[in-house]
Structure formats: structure tokens, C-alpha cells
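J.: One structure coming up, written as C-alpha cells, with questions to follow.
Derivation of every value follows stated rules applied to the coordinates shown; laboratory data play no part. Every value quoted in this text rests on a predicted model; they were computed, and no experiment measured them. We place every Cβ from the backbone using ideal geometry, glycine too, and count neighbours over all the protein chains shown.
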Amino acid sequence: GWQVTMISGSISGAVATLARQPIQRLKWIRQVDPGQPVPYGTVLRRTVQEGGVLGLFRGSTAGIVRNIPHASLVYTIYPWWERNIKAALGGEARGGESSFGTRFFAGFATGFCATVATHPLDTIRVRISLTQGDAWQRGAEGGRRSWLMSPSPALLRPAGEAKLADILSDVGRQGGVR
């Protein structure tokens, strides 16, 4: 039933997060470094020098906390969306497999719902992975609201008392990625 699907989705979300976290962390560091573009090899070397191999996994716990419910929602609600979209378009009367359009819109609706439900956790995950020292503490002092208001690091949208732009400024003052 849906419980097995939910558990399978949760496990796949945790495993996928651990597998991709080092690459995500290196990508995020490169994206926020205000200086000249630095090759991935250099970012990797610096990250390992500063935090050891575990430095590549900074933010993994928050990522797992975000991806477990996200993946379990995706695996669990996709069939519901597919069935209801197919019924709304009269596809059940024809039987057989769902059309490309039905699967596309079911996937869109599923991804949208899962992302909206887990977005605050995603914001926290990115901030933990990117921040250093007092910037993380300032965000924590800003309270729960400060972590929930920013949709993504790329947009640099204000987040209550703590803004990602402030965090990036702190990283820049510290010399960016070395």
C-alpha cells in the first residue's frame, strides 16, 4: 500500500542526498564566491583542507531531513495525481496507459506539492551548507521566521532578520572560497 511506497521514497531520498551532497556543496560554494571563477578541483582541495572529507558533507543532515519527506511525498502522491488527472480528462473510459500529457501534469503537480511542503527545509539545508561561523549564528538568532522566508540562494530574497545576502557578504569579507 501507500505506506510501503512512502517508506521506499524516504529511503531513496536519504540515499540520494548522501550521494549528491559533496557535489552540491562544491557547486554552491562556486556559485556564491564573489571572485573569479575557481575550478572545481581547487574548491574541492580547499574544502577538504578546511573541513576534512566531512566538510564535503556539511548540510547533509538538513538535506536528509528535507529529502525524506520530499521523496516520500513524490512517490506517494504521484499515482493520486495521475489517476485524478486521467479521470478529469476522460482517460479512464479509454483504459490503458496514461498519455504523455497526463503523466507530465501529474509529475508537475507532484513536484510542486512536494516542493511547497518541504521548501523551508530546503532553505535551511542550503544555508547550513553555505554559511560559516557568525553568519549561521545570526540566522539562528533571527528565529524560525528568518529561515522560512527565502525561496532560494540564487534569488537573494530577504529572510526576516537574516538575509542570505548578509551571509554571502560575510563569506566575501572572509575572502570567499580560498
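J.: Which of the listed residues, I68, G55, P39, is farthest toward the dipole's positive end in segment 20-95, when Lys, Arg count +1 and Asp, Glu count -1 at the beta-carbon?
T.: Towards the positive end, the residue furthest out is P39.
J.: On to the next question. Please check which bits of segment 102-123 a label hung off A16 would reach, taking the label as a point 7 Å along Cα-to-C-beta and the cut-off as backbone N under 18 Å.
T.: 103-123
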